[in-house]
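Just so you know, all these numbers are worked out from the coordinates, no wet-lab data involved. Treat the numbers as computed from the prediction; the structure is a model and nothing was measured. Reconstructed Cβ throughout: ideal geometry from the backbone, glycine too, with neighbour counts over all protein chains shown.
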Amino acid sequence: MSKLQIIEEEAGCFVIDGDLTFTTIAKDTLKSCAFLASAKTVTIDLSRVRNTDSAGLALMIEFIRQAQSNRTFLKFSNIPKQLLNIAKLSGLDQTPYFNGQP
């Protein structure tokens, strides 16, 4: 199990490093979405996510909700196949956030 970290690579670009699972996503993670208001466009790179479960999808949905309330354009990149498969179960894979369209 790898601890979850949200790392700012450059202005507006963040990378998630670690596992997106029930055991690694703390309540503080949900409370610390302030980075979503740091720029008009925020990109979250998921290339360093090692393991994920439905809690990872729930966190992504929370990021989307927070970005919308901040009027921030949010993009996800390098979404792990495992996470896309979970998103397919609810049809979220067809939304612009998951299918790579702006």
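Values computed for the structure shown
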quantity	calculated
Among A34, A67, A55, residue whose mean-square fluctuation peaks in a GNM of the chain (springs only between Cα atoms under 10 Å)	A34
Trypsin sites (Lys or Arg not before Pro) within segment 9-102: DSSP coil, no more than 14 neighbouring Cβ in 10 Å	K40, R71
Sparse-neighbourhood loop sites, chymotrypsin sites (Phe, Trp or Tyr not before Pro) in segment 11-102 - DSSP loop, at most 13 other Cβ within 10 angstrom	F22
Spatially near lysine pairs across the chain, Cα under 21 Å, sequence gap of 8 or more or different chains	7
The chain: relative contact order in percent, alpha carbon pairs under 8 Å with at least 6 residues between	26 percent
Order of L59, L20 under a 10 Å beta carbon neighbour criterion, fewest first	L59, L20
Dipole of segment 5-99, positive end: most advanced residue of T24, T95, Q5 [Cβ charges, Cα centre]	T95
Highest-MSF residue in the chain out of G12, G91, G56 [GNM, Cα springs under 10 Å]	G91
Considering only the chain, percent of DSSP beta bridges that pair antiparallel, nearest 5	30 percent
